[in-house]
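Single-structure report; data block below.
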Amino acid sequence: MRALVAAFLRDKNVVGAQGLEVTAERRLIVAICCCLPMLAHGRSAWRGWHDVVLYPGSFRVRRHEHDETEEVVTEWDDELEGEAWSHGPIILSWAAIEADLADPLAGCNVVAHEIAHKLDLLDGVLDGTPPLPSSALESWREAMQPAFDALVAAVQRNEETSIDPYAAEGPDEFFAVVTEYYFSAPALLREHMPAVHAVLRAYYRVEIG
């Protein structure tokens, strides 16, 4: 872990936005949080991006959607605590990181969420499945797809869910959210989604709690 964190600090730029000062301590905290989900995979897990951008708190991102049928473009602002660009940086709220560190078993981990997206993108497709050996791919699908389908069905029925219902937004968000729980509420994930916990344990090869 020390070697990986040291390599991360050499390879990546951690920069502040909106006047946030990026101290040596903050850089180290970000590096540790980023490296934990990548520990089993080493430096190859962070290929293709160079920067971590830290905002003091949540930040706004302008979105747009083009309805090709109606030829209508809709625009809106999203308030985010983290975002991973497919060909760019990871953007994080420092306030969210501090909140996660203050209550590390609350089921929230913004850094793990965004690193999961970056791991997912290593094969060029954001689909909720990171690059896996063929021997692990079937087990992954057998665990993740039914759990995702069940969550989507529960959300559609307006039922209370065991994990954040945002995970039902798509397979990519499901992978990112269950990764959060794997690193911040493992007992809950193990209880409610044991097959998902098992394949994440095989993938990350590090366990918390």
222 nm mean residue ellipticity, helices alone, for the chain (DSSP H n ≥ 4; -39,500 (n - 2.57); rounded to 500): -14500 deg cm²/dmol
Approximate spin-label separation A106-E25, in nm, with each point projected 7 Å along Cα-to-Cβ: 2.0
Axial C-alpha extent at least 27 Å, average Kyte-Doolittle at least 1.0 - helices from the chain (DSSP): none
Region 68-209: C-alpha gyration tensor shape, a/c 1.5 cut-off, then a/b vs b/c: rounded
Electrostatic dipole magnitude of region 2-204 [Cβ: Lys, Arg +1; Asp, Glu -1; Cα centre; debye, to 20]: 1340
Local electrostatic count, A24, Cβ distance below 15 Å [Lys/Arg +1, Asp/Glu -1]: +2
Peptides 50-59, 31-40 ordered by average Cβ neighbours within 10 Å, highest first: 31-40, 50-59
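Here, each number is a calculation from the coordinates, and none is a lab measurement. Predicted model, so just to flag it, every value in this text is computed and none were measured. Cβ coordinates were reconstructed from backbone atoms using ideal geometry, including for glycine residues, and neighbour counts include every protein chain displayed.
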